[in-house]
Every structure is written in structure tokens, then in C-alpha cells.
1. Suppose we filter the stretch 5-19 for residues that are surrounded by fewer than 17 Cβ atoms within 10 Å (Cβ to Cβ), outside any helix (DSSP H, G or I) and either among the hydrophobic types (A, V, I, L, M, F, W, C) or touching a helix residue (DSSP H, G or I) at 6+ places or on another chain (Cβ under 6 Å) (or both); how many remain?
2. Does at least one position in the stretch 65-73 carry a residue that is of a type outside the set (A, V, I, L, M, F, W, C), surrounded by 11 or more Cβ atoms within 10 Å (Cβ to Cβ) and modelled with pLDDT of 85 or more?
3. What is the residue count in the stretch 81-92 for residues that are charged (D, E, K, R) and at pLDDT 90 or above?
4. Among the residues of the stretch 20-37, write down those that are assigned to a helix (DSSP H, G or I), among the hydrophobic types (A, V, I, L, M, F, W, C) and more than 14 Å from I73 (Cβ to Cβ).
5. Looking at D55, D80, D119, which one is more than 20 Å from S20 (Cα to Cα), surrounded by 10 or more Cβ atoms within 10 Å (Cβ to Cβ), out of contact with any strand residue (DSSP E or B) (no Cβ under 6 Å at 6 or more places or on another chain) and acidic (D, E)?
6. Go through the stretch 22-39 and give me each residue that's among the aromatic types (F, W, Y) and over 20 Å from the mean Cα position of the chain (by Cα).
7. Quick one: would you say L92 is surrounded by 12 or more Cβ atoms within 10 Å (Cβ to Cβ) and in contact (Cβ under 8 Å) with a residue 24 or more places away in the chain?
8. Would you confirm whether or not the stretch 39-56 contains a residue that is of a type in the set (D, E, K, R), at pLDDT 90 or above and in a helix (DSSP H, G or I)?
Amino acid sequence: MLPVFFQTATLFFDFAVFLSHFVFYKKVNKYLFFLTNLIFLGGAVFILLFFRILDVYDYYLTNLLIFIALPMIVLVEMLDRNYPYLSKNIILKSVVSLRLLILIYIAAVHSRMKYEPRDPFVQKSILVDKKNQ
């Protein structure tokens, strides 16, 4: 169900960022490191306890969306504290901002396709296969 909320590549990237926290353990904020691990374990327990209803009631997955943002927050905080020149790099900021805008667009199209497939925003989207409409 998670690929409904985010692209699979984004989920793999987020998980890779989460795993990188263990590699750069000494550079990561200890409080954020503990919080991220606690939320990961809590999410895993949540899925184990409620896996049977998650395919029917997908809105329960919104509780787990904090895990998507938290590893990114930890990464940005670590990079800003340890490598301040990166936070001043206009090219990096532009690339990240463009990627974020693309992800927002993709999420908007997928969300509208789910509830209103005849929406003009969906019909004119480059993501929608025109042959299958």
C-alpha cells in the first residue's frame, strides 16, 4: 500500500537514508537518531499488529507517514551541522526543490486519479497513459 502514497524509488531512497544514519552514527544528532529508530520500531510493530486491516482500511497507514519525513529531517540536520557549505549551495537547493515539486505533482495526480479520474488535471497529466483511459 505504501507505493500508493509515494513512488517506490522515493521509498527506497528514504530507507537508504535511514540506514545511512547507522553508518554516520557519530555525526547524527543522538536525540533524532533515537527518535527515528523508535518510530521505525513502532511502525514495524504497528504493521505486525494490524496487517490484516491495512489492505482494507488504507487510511491507517497515514500514522506511518512520519517515518517518511523523519529520516530526511535527520539527514538535513546532520548535513547542515557538519557540512555547512552544502546548505549554501544554490545548485543543490535547486535540485532538491525541483525533486520536491515533482513529487508533489505526482502525488496530486495519483490522489486525484483515485477519487476523480475524469478531473481535467488528471486528463492533461503527462503521467496518465492516454490509451488506458
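The values are calculated or read from the model by the stated rules, or taken from the named source; none is laboratory data. Being a predicted model, the structure only gives us computed values, none of them experimental. When we count neighbours, we look across all protein chains shown, and the Cβ atoms used for this are built from the backbone with ideal geometry, even at glycine.
1. Matching residues across the stretch 5-19 total 0.
2. Yes, that holds for at least one residue.
3. Going residue by residue through the stretch 81-92, those that are charged (D, E, K, R) are 81, 88.
Right, trim to at pLDDT 90 or above and you get 81.
The total comes to 1.
4. Keep residues of the stretch 20-37 that are assigned to a helix (DSSP H, G or I), which gives 20-23, 30-37.
With the extra rule that they be among the hydrophobic types (A, V, I, L, M, F, W, C), the set shrinks to 22-23, 32-35.
Result: F22, V23.
5. Selected residue: D119, the only one of D55, D80, D119 that is more than 20 Å from S20 (Cα to Cα), surrounded by 10 or more Cβ atoms within 10 Å (Cβ to Cβ), out of contact with any strand residue (DSSP E or B) (no Cβ under 6 Å at 6 or more places or on another chain) and acidic (D, E).
6. Of everything in the stretch 22-39, those that are among the aromatic types (F, W, Y) and over 20 Å from the mean Cα position of the chain (by Cα) turn out to be F24, Y25, Y31.
7. Numbers: surrounded by 12 or more Cβ atoms within 10 Å (Cβ to Cβ): yes; in contact (Cβ under 8 Å) with a residue 24 or more places away in the chain: no.
No.
8. No, because not a single residue in the stretch 39-56 is of a type in the set (D, E, K, R), at pLDDT 90 or above and in a helix (DSSP H, G or I).
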